[in-house]
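Heads up: the structure comes next, in structure tokens.
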Amino acid sequence: MTAPEPVFTHPWHGQVFALTVHLNEAGYFAWPDWATRFSQTLATHGLAKELDGGDDYFTAWLETLETLLADLGQAAPADVEQMRAAWESAYLTTPHGDPVHLKT
Amino acid sequence: MPHDHHDHDDPHALLPPEPALRVKALETILTKKGLIDPAALDEIIDAYQNRIGPRNGAMVVARAWSDPAFHAALMKDATEVVADLGFFGRQGEHIIAVENTDETHNMVVCTLCSCYPWPLLGIPPGWYKSDAYRARAVREPRKVLANFGVNLPPESSVRVWDSTAEVRYLVIPQRPTGTDGMDVDALAALVTRDSMIGTGLAKAPS
């Protein structure tokens with residue numbers, strides 16, 4: 001261990017982590033339940049390839065959170081996809097250097 | 001994937017990677033429903049990037065080395081002792097301290113996911129979350145330790161502790177020789193993150 005490693009290698013790793021912690025602390029789910037679901041996702045993903053604990057770890061994390069929120073009735077997959085597409089469109093139509101806002 | 005790379009001829013804003021857009025989508029939906037506070041998310045990220053990390057655990061170890069009463073209390077009920085120091089909550093609800101000796105070396109893994117004592121060590125490093133470490137730490141701990149540069153005498157035993165969502169472990173590494181008379185801050189500087197997971201040893205004083 002020589003060079004210090006960043007805590008989150010990509011901003012979205014930190015964002016999905018914080019979102020999950022915040023929802024847990026707000027009482028939407030218990031952490032052991034989260035750990036059980038997350039373990040299952042990791043085990044499933046690990047069947048196809050050996051996970052290196054980096055991007056693939058947070059990809060499994062995000063998938064777990066999406067499924068959990070869908071099961072809780074808080075964010076339906078179709079709504080998430082629509083919102084994702086809206087953000088993509090916002091990025092693609094915002095001039096470089098300008099702040100990106102959702103068009104509502 | 002289109003738009004993955006920054007293109008200087010591109011007139012539009014740099015498109016974040018696909019999972020980042022999915023996270024933004026969740027955030028937007030939950031914020032619009034009033035379920036989350038975006039400022040709280042920034043606060044959580046800031047805390048783990050800047051304030052909560054292995055320095056917390058290192059202070060605990062250094063005090064355990066220096067203060068016999070603290071050491072005894074820590075080994076008896078680490079959860080209470082570290083909570084008294086302000087290191088509590090968020091995956092620190094139940095912490096057990098395990099101490100390395102000449103006879104026994106302890107190392108920690110989470111075979112199912114990545115349970116880890118966040119209040120003391122922060123966010124786990126990538127290797128702790130990898131399939132390779134999670135699978136091999138239990139099966140062949142000595143080989144894993146050797147990969148980390150830790151070669152134990154054959155007569156010592158290795159204990160591997162599997163963390164869960166309920167119980168987290170903090171390894172108390174052996175105090176290095178040549179550290180008599182050093183104060184707590186100087187000792188803490190010798191306590192590496194890996195030494196508190198058990199994949200390293202405390203550093204020798206320079």
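Highest-first packing order for the peptide set B:75-84, B:161-170 is B:161-170, B:75-84, based on the mean count of other beta carbon atoms within 10 Å.
Candidates B:Gly34, B:Asn100, B:Gly126 compared by Cα position along the dipole of the protein assembly as shown: farthest toward the positive end lies B:Asn100, with charges placed on Cβ. Across segment B:136-147, computed HN-Hα scalar couplings (Karplus, 6.51 cos²θ - 1.76 cosθ + 1.60, θ = phi - 60°) run 8, 4, 7, 6, 9, x, 5, 5, 4, 4, 4, 4 Hz from first to last residue, x flagging Gly and Pro. Checking the cross-link pairs B:Lys143/B:Lys203; A:Lys103/B:Lys129; B:Lys24/B:Lys129 against a 28 Å limit on the alpha carbon distance flags A:Lys103/B:Lys129 as lying beyond it.
About the Cα centre of segment A:11-93, what is the dipole size in debye to 20, counting +1 per Lys and Arg Cβ and -1 per Asp and Glu Cβ, all else neutral?
Details: 3 positive and 12 negative charges, 15 e Å.
For this selection, approximately 80 debye.
Going toward the positive end of the dipole of chain B, with +1 on Lys and Arg Cβ and -1 on Asp and Glu Cβ, which of B:Leu170, B:Ile197, B:Thr111 do you reach last? Final value for the positive-end residue is B:Thr111.
Short-range pairs are left out: with C-alpha atoms under 8 Å and at least six residues apart, the relative contact order of segment B:52-197 is 36 percent. Look at the stretch B:123-131: the mean tally of other chain Cβ atoms within 10 Å of its residues' Cβ atoms is 6. Is segment A:11-93 best put as rounded, prolate or oblate by its Cα gyration tensor, with a ≥ b ≥ c the root eigenvalues, rounded for a/c under 1.5, and otherwise prolate when a/b is larger than b/c, oblate when not? It is oblate, given that a/c is not under 1.5 and a/b is not larger than b/c. Working ranking of peptides A:25-35, B:181-191 by packing, defined as the average number of other Cβ atoms within 10 Å per residue, highest first, is B:181-191, A:25-35. Neighbours of A:Leu65, meaning other residues whose beta-carbon lies under 10 angstrom from its beta-carbon, give a summed charge of 0 when Lys and Arg score +1 and Asp and Glu score -1.
When Cβ neighbours within 10 Å are restricted to other protein chains, what is their mean count per residue of peptide B:29-39?
Values: counts 9, 8, 0, 3, 2, 0, 7, 7, 2, 3, 0.
Per residue, the average neighbour count from other chains is 4.
Taking the charge dipole of the protein assembly as shown about its Cα centre, with +1 at Lys and Arg Cβ atoms and -1 at Asp and Glu Cβ atoms, the residue from B:Gly57, B:Pro68, B:Thr79 reaching farthest to the positive side is B:Pro68.
From other protein chains only, count the Cβ atoms within 10 Å of every residue's Cβ in A:30-40, then give the mean. Mind showing how you got there, number by number?
Numbers: counts 1, 6, 4, 1, 2, 10, 3, 1, 5, 8, 2.
Mean shielding by partner chains, rounded to a whole number: 4.
The mean sequence distance of close C-alpha pairs (under 8 Å, at least 6 residues apart), as a share of the length of segment A:11-93, puts its relative contact order at 25 percent. Length, then width, then depth: along the principal axes, the Cα atoms of the protein assembly as shown run 65, 36, 36 Å. Relative to the longest principal axis of chain B, what angle (0 to 90°, nearest 10) does the C-alpha long axis of helix B:18-32 take? The two axes meet at around 80 degrees. Distance between the C-alpha centres of segment B:159-180 and segment B:30-98: 15 Å, rounded to the whole angstrom.
The GluC sites (Glu not before Pro) found in segment B:89-163 that occupy coil by DSSP, while having at most 14 further C-beta atoms within 10 Å, are B:Glu103, B:Glu155.
Per DSSP helix of 4 or more residues, -39500 (n - 2.57); summed, then divided by the residues of the protein assembly as shown. What does that give at 222 nm, rounded to the nearest 500?
Numbers: 15 runs with 154 residues, N = 310.
That comes out to -14500 deg cm²/dmol.
Here the dipole of the protein assembly as shown is about 520 debye; that uses its Cα centre as origin and unit charges on the Cβ of Lys and Arg (positive) and Asp and Glu (negative). In this Cβ point-charge picture (+1 for Lys and Arg, -1 for Asp and Glu), segment B:81-203 has a dipole of about 560 debye about its Cα centre.
Only the coordinates and a few stated rules stand behind these numbers; no lab work does. Fair warning: this is a prediction, and the values are worked out from it, not measured in the lab. A quick note on method: Cβ atoms are made from the backbone with ideal geometry, for glycine too, and the neighbour counts reach across all protein chains shown.
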